[in-house]
1. Given (1) in contact with a helix residue (DSSP H, G or I) (Cβ under 9 Å, 6 or more places away or on another chain); (2) of a type outside the set (A, V, I, L, M); (3) surrounded by fewer than 18 Cβ atoms within 10 Å (Cβ to Cβ), identify the lone condition not met by Phe473.
2. Pairs needed: first member in region 24-44, without any contact (Cβ under 8 Å) to a residue 12 or more places away in the chain and within 20 Å of Phe174 (Cβ to Cβ); second member anywhere, among the aliphatic types (A, V, I, L, M) and in a helix (DSSP H, G or I); C-beta distance under 9 Å; at least 6 residues apart or different chains.
3. Given (1) closer than 30 Å to Gln283 by Cβ; (2) without any contact (Cβ under 8 Å) to a residue 24 or more places away in the chain; (3) among the acidic types (Asp, Glu), identify the lone condition not met by Asp233.
4. Just need a number here: residues in region 358-408 that are free of Cβ contacts under 8 Å to residues at least 24 places away in the same chain and among the small types (Gly, Ala, Ser).
5. Being more than 30 Å from Ala86 (Cβ to Cβ), within 39 Å of the chain's Cα centre (by Cα) and among the β-branched types (Val, Ile, Thr), is that true of even one residue in region 286-298?
6. Of all residues in region 56-90, how many are buried (at least 18 other Cβ atoms within 10 Å of the Cβ) and within 30 Å of Gln226 (Cβ to Cβ)?
7. Checking the condition among the β-branched types (Val, Ile, Thr), in contact with a helix residue (DSSP H, G or I) (Cβ under 8 Å, 6 or more places away or on another chain) and not in a loop (DSSP other than H, G, I, E, B), which residue from Ile299, Ile225 passes?
8. Return yes or no: is Gly40 of a type in the set (Gly, Ala, Ser) and either in the same structural domain as Val171 (by TED's automatic domain parsing) or buried (at least 16 other Cβ atoms within 10 Å of the Cβ) (or both)?
Amino acid sequence: MSDTGSQPEQLYAAREPVFPRKVRGRFRNLKWGIMIVTLGIYYLTPWIRWDRGPNLPDQAVLVDMANRRFFFFWIEIWPHEFYFVAGLLIMAGLGLFLFTSALGRVWCGYTCPQTVWTDLFILVERWIEGDRNARLRLHRQKKMDAKKLRLRVTKYVAWTLIAVATGGAWVFYFTDAPTLLRELFTGTAHPASYTSVAVLTFTTLVFGGFMREQVCIYMCPWPRIQAAMMDPDTLTIGYREWRGEPRGKHRKAASAGELGDCIDCMACVNVCPMGVDIRDGQQLGCITCGLCIDACDDIMDKVGKERGLIGYLALSDEVRERDGAKPRSAWTHVFRVRTMLYTFLWSAVGIGLVVALFVRPDISATVHPVRQPIFVTLSDGTIRNTYDFGLRNKHGEDRRFRVTLTTDDPSLRIAIEGTPYESFMVPADTTGKQRVYVLAPKGTEPAMADRTDVRFWIEDLSNGERVYKDSTFVGTGAN
């Protein structure tokens, strides 16, 4: 309890905007490359065409919600094959565990959508308003003069255009992209399309332009989970305080010889998009992007010191480095029992999905006996059982399928509703429903027996491929 008359304790700290400074180096170049590749894939993929035939969509990657299918180039995933999606999600989780246990939060620092779009928004902001110092002066300027208004409006318009493109690109994955683009501009698109674009535009603008590091610190659960994925052998970004301390700027003073390599220039803090001071140790806000390494290495080059004051290191090597010994090879940390186990599990799931993809049949059939009633006695005494067939034609053209019956008793015969033949047509890329009858003449063993095992063979007459489904025939003995 606070004393009477004292100010109550504040449980909320107002955000202090972060204005990262421009930096050059290998990690910054790596982030530029990943940003270009990931954004290119995201924005361009819906426009790639893929010829599947006259009755199928020609968009290479399409989530066809209306027909409940997913197209990925030559691969077509149907609803009953959702295990492929589940397998990909499992692989994504195992991959995240693998990279985190080996290299810390590299996903957060390089490929997380929040990081990629924040990088893009900061880049646009820097182009329009200038580097860190110019943006700080503009932020601290209280008066809204013509220059500040012009810069802010230009920046917000550019951010909004990026956000609209982001939301628009997302909805293009769910329907034909050229058609939807035309409908969006002519006002004829479905209201759900406009709503989706609006919501994604708003979230992209707010998360990438205004909240930025707050999303990673307060909204994302992964910083709190990562501790369970990391161990002393995990390579992550850290500050070698045994080399840098005590820090100080006055290198020409009499006590300069007692100082460490860190000149307290704040370069590592000024380039951090999260506003983290890595010299304070591992923190929730650090996304392992490596920009502080580039900034520190640049300063070390200028003051004539060895690079690596800030770098990738493992806690298990700290004692060795403090004693002046070289750390173990990075590969020793990457390839260890834990990461190899993750790699094995990840590979096993991937191989299983590939095998399942290539061995899945082109004919998918279901057979459901109709048991209300369990059998029907016709006027001539013939016993009839009814079966509902479901045949999924995964091809781009109509296919004819023949149904035959194999059983130990040759007296059983088959009849297909609506046709005198033993075959029926299934339209392209649909699931056809057909009622099939099995008949046993009066006095035959199947007609009088309780149950008789039967096997239905379904043959694609176009290529001869066959599948079978087992069922039972119920006779009068079941009464």
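1. It is condition (3) that Phe473 fails.
2. From residues that are without any contact (Cβ under 8 Å) to a residue 12 or more places away in the chain and within 20 Å of Phe174 (Cβ to Cβ), the pairs are Leu44/Ala169.
3. Every condition holds for Asp233 apart from (2).
4. 1
5. Taking every residue of region 286-298 in turn, at least one turns out to be more than 30 Å from Ala86 (Cβ to Cβ), within 39 Å of the chain's Cα centre (by Cα) and among the β-branched types (Val, Ile, Thr).
6. 0
7. When all the criteria are applied, what remains is Ile299.
8. Numbers: of a type in the set (Gly, Ala, Ser): yes; either in the same structural domain as Val171 (by TED's automatic domain parsing) or buried (at least 16 other Cβ atoms within 10 Å of the Cβ) (or both): yes.
Yes; evaluated as a whole, the condition is true for this residue.
The values are calculated or read from the model by the stated rules, or taken from the named source; none is laboratory data. Since we're looking at a predicted model, the values are computed, not measured. As a convention, Cβ positions derive from the backbone with ideal geometry for all residues, glycine included, and neighbour counts pool all protein chains shown.
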